[in-house]
Amino acid sequence: MPTPRIDINLSKIAHNVKTLSSLFRSKGIDIIAVTKGVCAHPHIANILVKSGVKILADSRIANIKKMRNAGVKATFLLIRTPMISQAESVVLDTDMSLNSELSVIKRLSKFSILHNKIHKIILMVELGDLREGIVPSQLENTIKKVLTLKGIELKGIGTNLACFSGVKPTAEKMDILSAIAISIEKKFHIKLSIISGGNSANYNWFKTTKDVGRINNLRLGESIFLGYEPLTGKPIPKLYQDAFMLVAEVIELKNKSSVPNGEIGLDAFGNKPKFKDQGIIRRAILAMGVQDVMVTGLTPKSDIEILGAGGDHIIINAKKEDLKVGSEVSFTLKYGALVTAMNSSYIFKNIITPISAKEYCAIVEEKDRLHKKKIAIVTVKEDHSPLISLQDSDFNLIFEKSIQKNYRYLVRKGVFEKIGRISKLLDNQGKKLIIRSAWRSFEHQQKLWDQKASYMKEKHPEKTIEEINEIVSKFIAPKKQSTHSTGGAVDALIYDLQTKRVLDFGTNDGLHIDLNEKCYPKHPDISEEAKKNRKLLMKLFEDEDFVCDHKEYWHFDYGNIGWAVEKNKEYACYGVLEESFVQSAVLSYPDKVFFYL
Ligand SMILES: *Cc1c(COP(=O)(O)O)cnc(C)c1O
């Protein structure tokens, strides 16, 4: 993947816009999505429309044309007061505009008549931020004239705060706008259908107000894309702050002094730089600079520090991060960084598209087919490491009851140690690892198969044996094909000591798991909570070099053929251990923790 690039996660944008829409809708407010912050990227515009947004707004006609030409289906609102010189294009290329100058509106009227169109306008009212807007005392006068203009439809009024002067959209300001709307409707006997109270900065007003008055519309950009409330810079609950991630590559990494050596003049931008003496530090240079992005608006994802930037370089203190030349470093973005990055022709726009459940399952099943093919040709160099019972450990574990009598939850020594470390990490989070299953004999595996098959037969008496076997084989391996027979496979879940419940993984009710396609680890149609919990479980095991099964989020392999295939190893080190083998070991060392082979 090229760098520098901006990773654009469309699912996260969709989540944010849907969450905000339903939040504001709860008090009768519709939202307009403002696309200027992302240069009206058509894929982003389309996901906004797909998520239910009806009106898209941009400050530039060129951006609106770009979306139109790309086939984006929406009503388009021009939010920067139109240039009088562009009046014809406003009428032809947009559906609606925010306005504050009568001379411009007159011109819009002229071209509307010429092209036989009706152009809708929202009049902006100045409430203290001192950017665009008609001062309230002049408003009635303007409206009187606007109402006489042909080809112009007055849709409503609006205001914009928290931009030029950072004036907060307080309850007082919103009440003034409501009062103005009411008085205009009364005076002119008209209905204003849109009362647009502002932008993302209206979030705190909305959350704290009991009565939104006549405000029924907001124009949101920043909060949809970045999940922040702009006045305080605080994250908005339930929203993603990382729908956009900027990625740059390390081109140099060396231990160097933290202070320069020589007489200091002005730097490349005419500023006198300052340095903090931290001794010798690990300095990395990234191939990205202020020519690409507003570097002051970047927040590193990892524990590094931005020391400064030039046109083409960002210098960082790499601290203890595991970086080398060629490594990628990721940043989340503030609004200024987002706008500049999206506008930079040097930054590759990497659109990450949401994938439907159907597409995802098809991919998983294809991968699983390939995996099974490859498994057949993996060789095993048995390392003869012993099986150990997890029940004999002093790790904090919960054992799920097994259908196998006297089940001992045996795993290989390497796996045993890994489980120990995982359980310690969970101890620190007030959670416990649940071990569902570990080494299984062929007989045990057969029992699982038979149990599932008879359950399915009861549920679907109309199905043939072949059909039943087909369904069961989706989730349970035939007796001799399960990696559980190696002692390198573990089935695990997590218990939360605080809520005293098994975490929600999306297909489970406590310990009971419904076997269906939603068990595929990254299935898109499970709750955010379930996704988070699966991520936690998978990260714990993957950090210990396990691989998660393609189809079961609870099944992890290490050392066996399943692992060897996924990790591209030359051979596996844990082969199949048969019942008789393990039994004889148990019999000869009945009081031993280790079952040597
Ligand atoms: C940019 C802009 C918005 C959107 O502001 P955000 O802070 O991105 O939500 C709304 N209205 C007008 C007039 C704007 O210029």
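What's the total number of residues in the stretch 142-177 that are hydrophobic (A, V, I, L, M, F, W, C), more than 25 Å from Lys191 (Cβ to Cβ) and away from the ligand (no atom under 13 Å from the Cβ)? Outline the logic, then answer.
Within the stretch 142-177, the subset hydrophobic (A, V, I, L, M, F, W, C) is 143, 146-147, 149, 152, 154, 157, 161-164, 167, 171, 174, 176-177.
When the remaining residues are screened for being more than 25 Å from Lys191 (Cβ to Cβ), the result is 162-164, 167.
Checking which are away from the ligand (no atom under 13 Å from the Cβ) leaves us with 167.
Here the count works out to 1.
Conditions (1) of a type in the set (Asp, Glu); (2) more than 28 Å from Leu497 (Cβ to Cβ); (3) surrounded by fewer than 21 Cβ atoms within 10 Å (Cβ to Cβ), marked per residue:
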position: Glu400; (1), (2), (3): yes, no, yes
position: Phe416; (1), (2), (3): no, no, no
position: Trp439; (1), (2), (3): no, no, no
position: Gln446; (1), (2), (3): no, yes, yes
position: Asp450; (1), (2), (3): yes, yes, yes
position: Met456; (1), (2), (3): no, yes, yes
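Could you list, ordered by first residue, the pairs with Cβ atoms under 9 Å in which the first is in the stretch 213-237 and without any contact (Cβ under 8 Å) to a residue 12 or more places away in the chain and the second is buried (at least 21 other Cβ atoms within 10 Å of the Cβ) and assigned to a loop (DSSP other than H, G, I, E, B), at least 6 apart or interchain?
Pro235/Gly227
Quick test of your reading of the structure: Thr208 fulfils all but one of (1) more than 16 Å from the ligand (Cβ to nearest atom); (2) in contact with a strand residue (DSSP E or B) (Cβ under 6 Å, 6 or more places away or on another chain); (3) under 30 Å from Ser11 (Cα atoms). Name the failing condition by number.
Of the numbered conditions (1) more than 16 Å from the ligand (Cβ to nearest atom); (2) in contact with a strand residue (DSSP E or B) (Cβ under 6 Å, 6 or more places away or on another chain); (3) under 30 Å from Ser11 (Cα atoms), the odd one out for Thr208 is (2).
Can you name the residue in the stretch 156-208 that is in a helix (DSSP H, G or I) and of a type in the set (D, E, K, R) and is also surrounded by the fewest Cβ atoms within 10 Å (Cβ to Cβ) among such residues?
Lys186
Could you please give the count of residues in the stretch 481-520 that are without any contact (Cβ under 8 Å) to a residue 60 or more places away in the chain, at negative phi and exposed (fewer than 14 other Cβ atoms within 10 Å of the Cβ)?
Residues in the stretch 481-520 being without any contact (Cβ under 8 Å) to a residue 60 or more places away in the chain, at negative phi and exposed (fewer than 14 other Cβ atoms within 10 Å of the Cβ): 6 in total.
Mind counting the residues in the stretch 211-252 that are surrounded by fewer than 24 Cβ atoms within 10 Å (Cβ to Cβ), over 20 Å from Asn46 (Cα atoms) and more than 16 Å from the ligand (Cβ to nearest atom)?
Selection size over the stretch 211-252: 11.
When the stretch 413-438 is examined, which residues are found to be within 21 Å of Asp383 (Cβ to Cβ) and modelled with pLDDT of 95 or more?
If the condition is that a residue be within 21 Å of Asp383 (Cβ to Cβ) and modelled with pLDDT of 95 or more, then Gly414, Val415, Phe416, Glu417, Lys418, Ile419, Gly420, Arg421, Ala438 are the ones that fit.
Can you tell me which residues in the stretch 68-87 are β-branched (Val, Ile, Thr) and either within 16 Å of the ligand (Cβ to nearest atom) or under 24 Å from the mean Cα position of the chain (by Cα) (or both)?
Matches in the stretch 68-87: Val72, Thr75, Ile79, Thr81.
Has the stretch 45-67 got any residue that is among the hydrophobic types (A, V, I, L, M, F, W, C), within 16 Å of the ligand (Cβ to nearest atom) and surrounded by fewer than 18 Cβ atoms within 10 Å (Cβ to Cβ)?
Yes, the conditions are met somewhere in the stretch 45-67.
Among the residues of the stretch 516-529, are any of a type in the set (A, V, I, L, M, F, W, C) and more than 21 Å from the chain's Cα centre (by Cα)?
no
The values are calculated or read from the model by the stated rules, or taken from the named source; none is laboratory data. The model shown is predicted, which means the values in this text are computed figures rather than measured ones. Because the Cβ atoms are built from the backbone with ideal geometry, glycine has one as well, and the counts that use them run over all protein chains shown.
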